[in-house]
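One structure is given here, and the rest of the page talks about it.
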Amino acid sequence: MKVSVIGTGYVGLVTGVCLSEIGNEVICVDKVKEKINILKDGNCPIYEPSLENFIKNNISRGRLSFTNNISEAVKKSDIIFISVGTPSLPNGQADLSFVEQVAMEIGKFIDDGKIVVNKSTVPIGSGDWVSMIISESIDNNNPKKKVNFDVVSNPEFLREGSAVEDTFFPERIIIGSSSKNAIDKMLELYKPLIEQSFNWPDDKARPISKSQKVPVVITDLTSAEMIKYASNSFLATKISFINEIANICEKVGADVKAVAKGMGLDKRIGPLFLNAGIGWGGSCFPKDVSALTYIASEYGMTPQILNAVINVNKEQRLKIVKKVQDEIKIVKGKTIAVLGISFKPNTDDTREAPSVSIMNSLSKLGAKIKTYDPIVKERPDSLTEKVKICRDEYDTVKDADILILATEWGKFAELDFNRVKQLMNSHIIIDGRNLFDRDHLKSLGFRYIGIGR
Ligand code: UGA
């Protein structure tokens, strides 16, 4: 099928590239010229494992192209995905201005029978609103033109760092629309994914077997939009819940890792997203939980669970600062090493990263902060300039009075702790992700402080 994807952020780029891999002709559109030039050269502007290979392969097969020209993309495509950002406004509301601009542009060039798919995470009811903006744009630009088009909500569930695999091996596909024609076209587009019939490199493991079909939920636009918000909010709730349990564990002398294991074996609870730590961040959970809270407030509701989920998460970051103060008392003038800047491993994304709030707070208290991340090499704008970015782990811990693990990159678990001990000024480790081998560190003479244990 002929597809265009407007917006080449995480979601748009991964979606476009994967749709080309399963045999479609895909045009990815972005207004940022530099980004399109990078992509045209076969390079990937974001750090996402294996994405660049798929970009290169599909450009050379002639199935994937990149442009700044939205009119050309809309005219040539049967299905047009909107995948632009919906960042949070200061009041928590989702900013829909990018979606609105794109819908107006689509209206200028759309023809009969085309399908517009909303992949951006948009507030409940936005599907109908997008449809209205497109219709108004058609009327304003071509008053005599009669165009039948459909709008579909097709939320994504990709995780940064494993976005490519999440696209090829989804746990479910959600299609929200009132149009039978649009639903049928979406089912045709996703057939290779639903039936798992696409080719997958032999050297890469398949997370689900070829014989397994991917479940599809067909519903109305509004319910599809709600599925996205409810899913992210539930996952954030699970994390805030286990973080609250971790805080109680610390008081009563229980180990949250054992507690999570014992809970997770119950199928009704499940083992995933029960890792206690310094809280959730990234570009999705903070934005989506706030947006759902805002939507509820528009209907006169006070969403008590969602508000608590947000508050527990804010406090969880501050708890690390408190732990540092408990250990070294006067923070001013002390050297603090922080390992990990990205909001989670396998991504270079630092949006709403807990590490950043923790470093900013400690820096305000007068600490000298040194940090290192395997992928993030530039200081994020949100991080105070006073923080020194180091070249490796050992350079970071040199002369440190305390070491904080902020992001659980796998390579940090393999540090040579004998060397770390020699380099540090005093031997205190706060393991913000419960990554390290506690007994090993204790046997080497470190004071180990985890989360909830
Ligand atoms: C999240 C969802 O997992 C995806 O399904 C969704 O598509 C995506 O948002 C989105 O809306 O675009 P992502 O933000 O990439 O994906 O990251 P997650 O892996 O979900 O992690 C989110 C945060 O929770 C991270 O800060 C992570 O460190 C934290 N986390 C996760 C924990 O603290 N404990 C856990 O057990 C799991």
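A few points about this structure:
- A 1.4 Å probe run over segment 275-382, with the rest of the protein chains in place, finds 45 Å² accessible per residue.
- For segment 2-219, the convex hull drawn through the C-alpha positions has a volume of 123 cubic angstrom per residue.
- Spatially proximal aspartates and glutamates relative to residue 180 (Cα-Cα < 17 Å; intrachain offsets below 8 disregarded): 78, 112, 128, 150, 188, 220
- Beta bridges per DSSP with both ends in the chain, % antiparallel, nearest 5: 5 percent
- When the P(r) of segment 215-338 is calculated, the portion above 25 Å amounts to 39% of the C-alpha pairs.
- Under 5 Å from the amide H of residue 428 lie the amide H atoms of 403, 447, each residue being 5 or more positions distant or on a separate chain, with H modelled from the backbone and absent for Pro and chain starts.
- Protection-proxy order for peptides 79-92, 259-272, each taking the mean of Cβ atoms within 10 Å per residue, highest first: 79-92, 259-272
- Chymotrypsin sites (Phe, Trp or Tyr not before Pro) lying in DSSP loop within segment 249-311, provided at most 14 other Cβ fall within 10 Å: 299
- Reciprocal mean inverse distance between Cα atoms of the chain - Kirkwood radius, Å: 23.8 Å
- At q = 0.16 Å⁻¹, base-10 log of I(q)/I(0) for segment 12-91 (Debye sum, equal scatterers on each alpha carbon): -0.58
- Judged by the mean number of other Cβ atoms found within 10 Å, the most tightly packed of the peptides 106-117, 436-447 leads the ranking 106-117, 436-447.
- C-alpha center-to-center spacing [segment 336-409, segment 438-453] in angstrom: 21 Å
- Cross-linked pairs 257/421; 2/191; 35/56: Cα-Cα separations exceed 18 Å for 257/421.
- Take the chain and mark each of the GluC sites (Glu not before Pro) that is in a DSSP loop with at most 12 other Cβ atoms within 10 Å; the longest unmarked stretch, sites excluded, is 172-377.
- Backbone phi angles across segment 418-433, fed through the Karplus curve with coefficients 6.51, -1.76 and 1.60 (θ = phi - 60°), yield HN-Hα couplings of 5, 5, 4, 4, 5, 7, 6, 6, 9, 10, 10, 10, 9, 9, x, 10 Hz in residue order; Gly and Pro are listed as x.
- Reachable lysines from residue 144, criterion Cα separation under 17 angstrom, eight or more residues apart if same chain: 108
- A 1.4 Å probe run over the protein chains yields, for segment 2-219, 44 Å² of accessible area per residue, whole-number rounding.
- Between the amide H of residue 5 and those of 27, 28, 29, 81, distances stay under 5 Å, these residues lying 5 or more places away or on another chain, with hydrogens modeled in the peptide plane.
- Candidate aspartates and glutamates - alpha carbon under 12 Å from residue 364, same-chain residues fewer than 8 apart omitted: 385
- Residue pairs exceeding 32 angstrom between C-alpha atoms, taken from 40/204; 334/442; 33/287; 204/368: 204/368.
- Residue-wise HN-Hα coupling along segment 339-356, computed from phi with Karplus coefficients 6.51, -1.76, 1.60 (Hz; x: Gly, Pro): 9, x, 10, 4, 5, 7, x, 6, 8, 9, 7, 10, 5, 6, 5, x, 4, 5
- Amide hydrogen neighbours beyond the local backbone of residue 342, cut-off 5 Å, H modeled: 376
- Whole-percent carbon and sulfur share, accessible surface of the chain, 1.4 Å: 52 percent
- In order along segment 367-383, the Karplus-derived 3J(HN,Hα) couplings, from 6.51 cos²θ - 1.76 cosθ + 1.60 at θ = phi - 60°, round to 6, 9, 10, 10, 9, 8, 9, x, 10, 6, 10, 9, 5, x, 4, 6, 9 Hz, and Gly and Pro are given as x.
The values are calculated or read from the model by the stated rules, or taken from the named source; none is laboratory data. Values in this document were obtained by computation on a predicted structure and should not be read as measured data. As a convention, Cβ positions derive from the backbone with ideal geometry for all residues, glycine included, and neighbour counts pool all protein chains shown. To get the accessible areas, we keep the full protein, side chains included, count just its heavy atoms, and leave off ligands, DNA and RNA. Shrake-Rupley method; radii C 1.70, N 1.55, O 1.52, S 1.80 Å.
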